[in-house]
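Heads up, the thing below is written out as structure tokens.
The values are calculated or read from the model by the stated rules, or taken from the named source; none is laboratory data. All values reported here derive from a predicted model rather than from experimental measurement. Counting neighbours? That spans all protein chains shown, and the Cβs are built from the backbone with ideal geometry, glycine included. The accessibility values were calculated without ligands, DNA or RNA, using every heavy atom of the protein model including side chains. Shrake-Rupley method; radii C 1.70, N 1.55, O 1.52, S 1.80 Å.
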Amino acid sequence: MKVTIHRTKTYIGQKPTGGMGLQRWRNLGYPEKWIFYGVLFIFTVIGMKYVIGTRLPEGGRPPYLFLIWNAFLAWIPLGLAVLLDVISLLTSRTAKVALSVPVGLLWLFFYPNAAYLITDLLHPFNRYPIAAGTRFWEEISFWDHLFTLLFAGLLGLALATISLASVHRLVRQAGGRWAGWAFAVAVLLLSSFGVYLGRFIRWNSWDVLRHPGFVLRETAAYFTDAANVAHALAFCKWIFLITFFCYVMHYGFARVYRSSERIRGE
């Protein structure tokens, strides 16, 4: 009788079985994601420093302190995206579904808060003292106000883009390329509408969570007016265009970078 003995070979550089968990984290983009999130946090701190330091010409309390709260809300979707990454590593399919659905819905509820920051650009024109007939745009203090809000808006767009990219990757892994893109576009459309609700009807994510029935009734009543529908469409198209443009640029550049890395590695 011929006995065949199978031996396990160990190659130089081969990772042990215990490294599979680490490899799964790497497949999700870590630790590079942590570095990127850290850089974003540093820029957020810098942006909030300018928010606190910006004053009106007559002095007084900083006029844009509400941006600190808005920036905190904009970070919540990114935190939930990290939690979804953690859930995706669970071995139990039942646990994955049971946890990813509520966390995913929370992520969707809070997601518009990130892109909402770009609408705060209106506040310098509302709060900065602009005298009629003056060349206010020659005043550096006006540009300090405007660029402070612009920087906060760019932070919001960055947080929205990378948060969606992280969740998009999970959806693509689960359902394929087309499902991933359908998800991303649907989220951006819903987010545009969410930004409108926040800016013009003044709903926020907490209202949806605490009083969903009341929010639905009042929103439905608001959109029974055709003028309100036209107003919403005119506004939402710009939010969608801006956020979709940022997302496509980020996604395309990431694809080009990964392709070049693969070519260099061959």
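Using only Cα positions of the stretch 140-189, each an equal point scatterer, no hydration layer, compute I(q)/I(0) via Debye at q = 0.27 Å⁻¹ and quote the log10 values to two decimals.
-0.92
Take the alpha-carbon positions of the chain, form their convex hull, and give its projected area averaged over all directions (one quarter of the hull surface) in nm².
Taking a quarter of the hull surface, the average projection is 22.4 nm².
Please give, to one decimal in nm, the separation of the simple spin-label points placed at residue 179 and residue 207, each 7 Å out from Cα toward the Cβ.
Once both label points are built, they end up 3.4 nm from each other.
Each residue of the stretch 63-70 in order: what ³J(HN,Hα) in whole Hz does its phi give by Karplus 6.51 cos²θ - 1.76 cosθ + 1.60, θ = phi - 60°, with x for Gly and Pro?
x, 10, 4, 4, 5, 5, 5, 4
I need the phi-derived Karplus couplings for the stretch 213-222: 6.51 cos²θ - 1.76 cosθ + 1.60, θ = phi - 60°, integer Hz, Gly and Pro marked x.
Values, residue by residue: x, 5, 4, 5, 5, 5, 5, 4, 5, 4 Hz.
Give or take rounding to whole Å, what are the principal axis extents of the alpha carbon atoms in the stretch 17-128, in descending order?
Ordered largest first, the stretch 17-128 gives principal extents of 65, 26, 17 Å.
What accessible area per residue comes out for the chain, rounded to a whole number of Å², with a 1.4 Å probe?
Per-residue accessible area for the chain comes out at 62 Å².
Over the Cα atoms, compute the radius of gyration (one decimal) and Dmax (the largest Cα-Cα distance, rounded to a whole number) for the stretch 91-151, in Å.
21.1, 67
Could you give the longest part of the chain that holds none of the chymotrypsin sites (Phe, Trp or Tyr not before Pro) found in DSSP loops with at most 16 neighbouring Cβ atoms within 10 Å?
My reading of the result: 12-222 is the longest stretch.
What whole-number volume per residue, in cubic angstrom, does the convex hull of the C-alpha atoms of the stretch 104-260 give?
149 Å³
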